[in-house]
Amino acid sequence: EQLNAEIEEIQKIYKRVKIEQHHDIFYLFDADTDTFIGQGRTMQEITDRIRGEVVLNVMEGDPDVIKRFRDTFPQTDPA
């Protein structure tokens with residue numbers, strides 16, 4: 001029972017997504033259910049609109065779109 005609750009919590013946070021791009025807007029959908037998750041011009045814009053903590057794992061989409069989307073990630077200096 002405890003394990004099932006923990007798995008459900010992880011599934012709420014960890015999203016397998018597919019991505020589409022139309023003009024300059026990215027659209028994210030759940031890769032398993034095709035449910036719309038969010039949209040925006042950058043990764044930050046999308047995550048700001050999603051309530052709660054979430055980890056997006058892009059599983060599907062045009063490789064060029066995935067690269068453009070990843071290029072919008074906030075850049076951090078390597079440690």
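The values are calculated or read from the model by the stated rules, or taken from the named source; none is laboratory data. Predicted model only: the values in this text are computed from it and were never measured. Heads up, the Cβs are rebuilt from the backbone with ideal geometry, glycines too, and the neighbour counts pull from every protein chain shown. Heavy atoms of the whole protein, side chains included, go into the accessibility calculation; ligands, DNA and RNA do not. Shrake-Rupley method; radii C 1.70, N 1.55, O 1.52, S 1.80 Å.
Remarks
- Here I66 does not qualify as assigned to a helix (DSSP H, G or I), of a type in the set (A, V, I, L, M, F, W, C), open to solvent by less than 70 Å² (accessible area, probe 1.4 Å) and touching a Gly at 6+ places or on another chain (Cβ under 6 Å).
- Residues in segment 12-51 that are among the basic types (K, R) and either part of a strand (DSSP E or B) or touching an Asp or Glu at 6+ places or on another chain (Cβ under 6 Å) (or both) were compared, and the one that is nearest to I66 (Cα to Cα) is K18.
- Matching entry among T42, T33 (being at pLDDT 90 or above, open to solvent by 40 Å² or more (accessible area, probe 1.4 Å) and under 13 Å from the mean Cα position of the chain (by Cα)): T42
- Scan of segment 1-53 for residues that are basic (K, R) and in contact with a Phe, Trp or Tyr (Cβ under 9 Å, 6 or more places away or on another chain), ordered by number: K18, R41
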